[in-house]
Amino acid sequence: MRTDSTLNINYSEPFAPGTLGSKTYRIPGLWTLNNGNVFAAADMRYDHGSDSPNNIDITVAISPNGYTGWEYNIINYFDDYADGETATDSASYIDSAIAQSSTGRIFVVADLYPTNGGWKTAGKGTGYVEIDGVNRMLLTAGDYSAAMKNFEYYIGDNGVVYNRADKTATEYTVDEEFRLYKNGVALYMDQKGSEGVKVQQNVFYKESELSCYLTAYLSMRYSDDNGKNWSAPQIISSQVKENKETFVGIGPGRGLVTKLADGTERILFCVYDNAGTFHDPVFENASVIYSDDNGVTWHRSGEIFHKLGLGKTSEAQLVNLPGGVIRMYARNNSNFIAYADSTDGGITWTDFVAD
C-alpha cells in the first residue's frame, strides 16, 4: 500500500495476488463512477500470464471510499475447467474495457472465445447468420471449427434452438448465459481439472451436445445499479464484425463517453482486427465501435489503414480534446507513441502519425 501524505488518500491494490484465488491479474482498467466510487476490471489469469486460449475470467472491483475496501464480482466466468487450472483449450473471456454513461449505466466489453479460442485460432466470420431479418447465433452437433455453412442449428427467440434447414424447433434451448437444456432439463458434463465435479453444458464448450462456431466474439454486459447486478452477456459481434474477418478484439482499458454537436451522447470503445491475416501481427488495424442509444445497438468506424511506417495500430485508447476532437493513441511497431484524430465523433479518422 502507498500513502500519499499530500492528498491524504490511502491507495491499495484492487487485484493483489491471491485475490479470489487468482495469483495473476492482467489488463486492468479504472473508472471513477458518477457516484464517486472507483470501478476496476481485470483478467483473472489464475496460475499463468498467457493470453487466450487459456483459463481466463474477468472480475470487477468497486471501492466506495477512495481506493480501499474493494468489493468483487466475477462477471465473466466459464467453468469448463476448475478454477486455477492452466488450460490452453479452455473457453475464456479476456481484455476488458469499461465506461459509464450519464444515465449511470456501466459497460464492460470484452473478447469472448469458445473452447480453444484465441486470436490465432479464430475462424473467418461472425458465428451468426441472418434468419428472417434477424442475426442468429449458429450451433452445431459436429465440428465447431467447420465452415459456418455446415452448422445445422441456430438460436431463436426465447433461447429456442431451431433446425436451420426447415426452421422447426428442436428439443434444445439455451438460457441467457448460453447454458444448454434438452426438453427443459439442464445438460451436464465433467469439469476438467477436477474429480467428480459436473458443470452445466454451455454452447461455448466444444464438449456440449451443441456448440457455437469457433471464432472471436465481442461480449458486452452492463449494470444499472453501480455494479451490484449485471445483465446477461450481449454478443455484439454480429453488429460490428465483418464476415471476412477472423479476429476482432477490444482495445482493453477504458472506453470513452462524449457529446456530439447535436447533444447525442456517444459511447465508444477501441477495437482492432487482423484484416484476414491474423498470423502476421503487423497487419493489426485499429477502429472503434460506438453506440448512440446507451448500448442497445452498436456500429463500427472505418479501419485506419494509413499508418506511415508504424507497422500496426492496436490496443488503442481514446481521449477527448478541446473543440470536439477525439484522439486515439495506439500500440505500434515504432519507438514513439502514435495517434490519429477524429472530428466527427469517431466515425472517420486521420492517418496515424508518430508523436
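The values are calculated or read from the model by the stated rules, or taken from the named source; none is laboratory data. What you see is a predicted model; the values in this text were computed from it and never measured. Glycine also receives a Cβ, built like all others from the backbone with ideal geometry; neighbour counts cover every protein chain displayed. With ligands, DNA and RNA removed, areas are computed over all heavy atoms of the protein, side chains included. Shrake-Rupley method; radii C 1.70, N 1.55, O 1.52, S 1.80 Å.
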Can you name every residue in segment 215-233 that is more than 10 Å from the chain's Cα centre (by Cα) and either closer than 15 Å to ILE98 by Cα or open to solvent by 10 Å² or more (accessible area, probe 1.4 Å) (or both)?
TYR222, SER223, ASP224, ASP225, ASN226, GLY227, LYS228, ASN229, TRP230, SER231, ALA232
Cβ pairs under 7 Å, 6+ apart or interchain, first in segment 131-154 and farther than 15 Å from THR215 by Cα and open to solvent by 60 Å² or more (accessible area, probe 1.4 Å), second of a type in the set (Gly, Ala, Ser) and assigned to a loop (DSSP other than H, G, I, E, B), ordered by first then second residue, are GLU152/ALA141
All-but-one check, TRP119 against (1) open to solvent by 50 Å² or more (accessible area, probe 1.4 Å); (2) modelled with pLDDT of 95 or more; (3) assigned to a loop (DSSP other than H, G, I, E, B); (4) under 30 Å from VAL257 (Cα atoms), failing number (2)
Step by step: first the residues of segment 314-341, then only those that are in contact (Cβ under 8 Å) with a residue 40 or more places away in the chain and of a type in the set (S, T, N, Q), then the one that is farthest from GLU284 (Cα to Cα). Which residue is that?
ASN320
Can you tell me which residue within segment 303-317, out of those that are outside any strand (DSSP E or B) and open to solvent by less than 40 Å² (accessible area, probe 1.4 Å), is modelled with the highest pLDDT?
THR313
Surrounded by fewer than 17 Cβ atoms within 10 Å (Cβ to Cβ), of a type outside the set (A, V, I, L, M) and either touching a helix residue (DSSP H, G or I) at 6+ places or on another chain (Cβ under 9 Å) or in contact (Cβ under 8 Å) with a residue 60 or more places away in the chain (or both), is that true of GLU171?
no
Which of the residues that make up segment 70-116 are part of a strand (DSSP E or B), open to solvent by less than 10 Å² (accessible area, probe 1.4 Å) and of a type in the set (A, V, I, L, M)?
ILE94, ALA97, ILE98, ALA99, ILE106, VAL108, VAL109, ALA110, LEU112
Considering segment 174-200 alone, what residues qualify as being assigned to a strand (DSSP E or B), open to solvent by 40 Å² or more (accessible area, probe 1.4 Å) and in contact with a strand residue (DSSP E or B) (Cβ under 9 Å, 6 or more places away or on another chain)?
ARG179, TYR181, LYS182, TYR188, ASP190, LYS192, LYS198
The residue from SER63, SER50, SER22 that alone is farther than 14 Å from ASP111 by Cα and either open to solvent by 10 Å² or more (accessible area, probe 1.4 Å) or aliphatic (A, V, I, L, M) (or both) is SER50
Which count do you get for residues in segment 326-355 that are in a loop (DSSP other than H, G, I, E, B) and open to solvent by less than 50 Å² (accessible area, probe 1.4 Å)?
6
Condition set of a type in the set (A, V, I, L, M), over 24 Å from PRO322 (Cβ atoms) and at pLDDT below 95, scope segment 254-300, selection surrounded by the fewest Cβ atoms within 10 Å (Cβ to Cβ): answer is VAL282
Restricting segment 234-248 to residues that are under 15 Å from GLY302 (Cα atoms) and surrounded by 19 or more Cβ atoms within 10 Å (Cβ to Cβ), the residue that is farthest from the chain's Cα centre (by Cα):
GLU245
Considering only residues that are outside any strand (DSSP E or B) and among the acidic types (Asp, Glu), look in segment 135-172 and name the one that is farthest from ILE236 (Cα to Cα).
ASP166
If you scan segment 28-42, which residues turn out to be farther than 17 Å from ASP225 by Cβ and touching a Ser or Thr at 6+ places or on another chain (Cβ under 7 Å)?
GLY29, ALA42
